[in-house]
Amino acid sequence: IALLEIGDLTSNQKEHARKLKNSLEMLNRQVEFTRMYQEIGTEPPRWQSLTELVAKAVSNVELGNIKMIGPDSDLEIRADPMLEKVVYNLIENVVRHAEGAGMITVSVHEGAAETMVAFQDDGSGIDDLDRQHIFERGYGKHTGFGLFMSREILHMTDLEIRENGQPGGGARFEIMVPNGNAR
């Protein structure tokens with residue numbers, strides 16, 4: 001809002017303009033969230049390359065000094081087309097929130113009934129209190145929609161997400177993919 005730059009406003013007027021600007025930004029985030037949320041499940045699931053999803057996300061995030069490792073598999077995942085947004089969100093969250101992170105590792109672990117895709121960083125981790133709430137709508141340090149939305153997108157095709165890192169030892173987001181949705 002240009003009003004914040006006008007020099008002849010009183011400090012009270014500037015404070016009101018700042019609050020208005022913050023309210024407008026929050027409203028914009030709410031509208032964007034609603035738009036994205038209504039898109040979940042509107043297109044049929046499709047096979048998507050994990051390697052391509054990570055490469056696309058990395059090309060849209062400024063990693064700075066953070067090194068990207070993996071994925072270590074040519075896994076394809078059958079999921080909602082918005083899986084791309086989940087991968088982007090997980091990588092962007094490291095840049096935004098993982099204090100001291102220097103590396104993100106994406107790995108694949110095949111099991112008898114499901115395949116786990118892990119996004120691990122070496123940052124500060126998530127404390128136990130936050131871990132209980134990070135997938136709730138509105139919870140978080142930014143908009144509070146990213147991890148909530150990620151969980152909803154994954155749920156559309158029976159994929160699950162959990163955080164299984166250690167405070168002080170980095171965050172570890174694990175996406176559980178039923179074997180019928182992994183190849």
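The values are calculated or read from the model by the stated rules, or taken from the named source; none is laboratory data. Given the structure is predicted, the values throughout are model-derived calculations rather than measurements. Note: ideal-geometry Cβ built from the backbone for every residue, glycine included; neighbour counts use all protein chains shown. Surface areas here come from the heavy atoms of the whole protein model, side chains and all, with no ligands, DNA or RNA. Shrake-Rupley method; radii C 1.70, N 1.55, O 1.52, S 1.80 Å.
A few remarks follow.
- Applying the condition of being more than 17 Å from Asn89 (Cα to Cα) and not hydrophobic (A, V, I, L, M, F, W, C) to segment 61-77 and asking which residue is most open to solvent (accessible area, probe 1.4 Å) yields Asn65.
- Listed conditions (1) open to solvent by 50 Å² or more (accessible area, probe 1.4 Å); (2) in a helix (DSSP H, G or I) are all met by Ile153, apart from (1).
- Among residues that are under 23 Å from Glu62 (Cα atoms) and in contact with a helix residue (DSSP H, G or I) (Cβ under 7 Å, 6 or more places away or on another chain), Ala101 is included.
- Test for Phe135: is it in a strand (DSSP E or B) and either surrounded by fewer than 19 Cβ atoms within 10 Å (Cβ to Cβ) or touching a strand residue (DSSP E or B) at 6+ places or on another chain (Cβ under 9 Å) (or both): no
- Pairs, first within 24 Å of Gly123 (Cβ to Cβ) and touching a residue at least 60 places away in the same chain (Cβ under 8 Å) in segment 68-83, second among the β-branched types (Val, Ile, Thr) and part of a strand (DSSP E or B), C-beta under 7 Å, six or more apart: Leu83/Ile77
- Qualifying residue in segment 103-126 (condition: open to solvent by 20 Å² or more (accessible area, probe 1.4 Å), acidic (Asp, Glu) and within 14 Å of the chain's Cα centre (by Cα)): no
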